[in-house]
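Notes for the one structure printed next.
We did not get these values from a lab; they are worked out from the coordinates using the rules stated. As the structure is a computational prediction, the values presented were derived from the model and not from experiment. Virtual Cβ from ideal backbone geometry, glycine too; neighbours counted across all protein chains shown.
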Amino acid sequence: MLPTISNFLPSLPIDAIQIIYLVAAFFFIRGIKLLNSPATARKGNQLAALGMLIGIVVTLFDQQIVDLEWIIAGVLVGGLVGLILAKKVAMTAMPELVAVFNGFGGGASALVAWGEFSRYADPTLMTTDSLITTGLSVFIGSLTFTGSFVAFGKLKGFISGNAITFPGLNVINIGSMIGVFVLVGFFTVDPTNQTIFWIILGLSLLIGITSVIPIGGADMPVVISLLNSYSGIAAAMAGFVLGNSLLIISGALVGAAGLILTNVMCKAMNRSLFNVIFGTFGGDSSQSTGGDSGDKTVRETSAEDLAIQVGYASKVIIVPGYGLAVAQAQHVLKEVASKLESRGVQVKYGIHPVAGRMPGHMNVLLAEADVPYDQLLDMDQINPEFKTTDVVLIIGANDVVNPVAKTEPGSPIYGMPVLNVEEAKRTIVLKRSLSPGYAGIDNPLFYAENNQMFFGDAKKSLSALNEALNDI
Amino acid sequence: MSVLIFSLFIFVLACFIGFELIAKVPPTLHTPLMSGANAISGITIVGALIVAGHSAVGSQATQIIGFVAIVFATINVVGGFMVTDRMLEMFKKKEDE
């Protein structure tokens, strides 16, 4: 056993600590406010981190803290793991990393509630209010923990991206959730009964798994956003247990952020949240509907021809899809764009909200390739610009430029917001084949008169274009 | 007013501030927003510190739970803020203008 490292810090009165917590909360709010613009965002994040540091340091002055050995050990281990993860992760793997962090955050909140409960030698001394919030905190935190790791497994491919489900799974999930709430009720009546606590914990961990496993890989952006929201609510719940306003405020901010992003993703994918959670559409592999593509012709182009078309255009919009990132072609795309700009071509990027695998993912991938953020336009900004555009280069994207979403009420993607690329003078699609996207439906854009196809791997195609641009 | 009701007031008001603030974040920054918000949810570390640092009234179990909570929360906090910083550092304006 290690010798006990006692807290050598003087204790601050509780009101002083609370006031400093208020300062930390102010830093969080101010930090998020600065995230409103890419120019100030970095400062905002640093401000929030400073708020966190203030919150942590002042807590060490709490009179309840007497032992430091576990604290020092925990911070060292966690800090090292966090540091390595943050430094090593590839930008394409950001959704996985956020899923993992969500999981740890949720897990920590559940543990805090559990630890607070276990501190009481006689749990009947706890108020009913704290027992309710303890139960709920354990519930939300645990389900965030396991749910996030299932989402991580799906993104990483450890767990099949397909919807894994069986009849009655939804009923079981809803039944289990009701069961947890009933058990939390029993728990407040008889907190000395340890078995009830263990069942709540076990059931909550299980619900996290069984509620994420039936959701298809394509819907993971929604799931991660939702779990992000849960991790915030879990922190707020832990705040309720401890009566700590800083936890409540911060948790609420994060909960709100997650919900907004969930909503953004649902809208962009034309799905309702209910449908994502209880439906099973959106697997990794969707089969082609075949369609009547047989009697349509596509016009193919070559790298040389493409170079002439974009090289002599006055305005080019690039629409990147996830196929671009899979092929690791962001950097060569940036080279192409730079060459065009040096020829006096105006270049912009039109980014659909689901272009990446999480909200805003494609923007990060392009920023990594040194594309300036003022060229990255979101859907509402770019849509009015297609009319005045000479060439739209669509790279590794499909459903997000499918005009069927606007024209065919019977189509599964009808109503989904899409980029109005067909309004441009010419569209050129860089794609491996004519195969349909996630939604499994044919794209009439490919056969349109002013569209050309350039088949092949995005990186190879763009490299060829990059070469060809040297010769015109 | 009980502590629970008081806490509920804070929670609901903070949610409103959150919705107002975050609705204004442009889609370009949604990934850093998520990872940054994620780091903020690691604030639960404050609770973990109290659980782990509490005087051991004969309860080693509590301290172990607190230790694991600190590890998890610190991964969340350190990793979240650092990776967000790494991303935001890459967002640059056009230089040659």
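Zone of A:A16 (label point 7 Å along Cα→Cβ, backbone N under 14 Å): which residues in the stretch A:62-96? In the stretch A:62-96, the label zone of A:A16 (backbone N under 14 Å from the point 7 Å along Cα→Cβ) covers A:62-64. The relative contact order of the stretch A:304-359, computed from alpha carbon pairs under 8 Å that lie at least 6 residues apart in sequence, is 49 percent. Listed by chain and number, the aspartates and glutamates whose C-alpha is less than 18 Å from the C-alpha of A:K387, apart from same-chain residues fewer than 8 away, are A:D378, A:E422, A:E423, A:E449. Neighbour counts of other Cβ atoms within 10 Å put A:I199, A:I249, A:I317 in the fewest-to-most order A:I199, A:I317, A:I249. Can you list which of the trypsin sites (Lys or Arg not before Pro) found in the stretch A:375-472 are DSSP loop residues with at most 16 other C-beta atoms within 10 Å? Those satisfying the criteria are A:K425, A:R432. Normalising the average separation of contacting C-alpha pairs (under 8 angstrom, six or more residues apart) by the number of residues puts the relative contact order of chain A at 13 percent.
With a threshold of 26 Å on the Cα-Cα distance, the over-threshold entries among A:K88/A:K156; A:K431/B:K93; A:K33/A:K315; A:K267/A:K334; A:K267/A:K460; A:K33/A:K459 are A:K431/B:K93; A:K33/A:K315; A:K267/A:K334; A:K267/A:K460; A:K33/A:K459.
Sites listed here are chymotrypsin sites (Phe, Trp or Tyr not before Pro) in the stretch A:144-218 whose DSSP assignment is loop and whose Cβ has at most 15 other Cβ atoms within 10 Å: A:F158. The Cβ shell under 11 Å around A:I224 holds other residues with a net charge of 0, Lys and Arg each +1, Asp and Glu each -1.
Counting Lys and Arg as +1 and Asp and Glu as -1 over every other residue whose Cβ lies under 13 Å from the Cβ of A:G135, the net charge comes to -3. The label-point distance for A:D380 and A:L125, in a model that sets each label 7 Å from Cα toward Cβ, rounds to 5.4 nm. Distance between the modelled labels on A:V189 and A:K425, one decimal in nanometres: 7.7 nm (7 Å Cα→Cβ projection).
This ranking places A:M416, A:M126 by how few other beta-carbon atoms lie within 10 Å of each, fewest first, which gives A:M126, A:M416.
Is chain B rounded, prolate or oblate when judged by the Cα gyration tensor, a ≥ b ≥ c being the square roots of its eigenvalues, rounded requiring a/c under 1.5 and prolate requiring a/b larger than b/c? Since a/c reaches 1.5 but b/c is at least a/b, the shape of chain B is classed as oblate.
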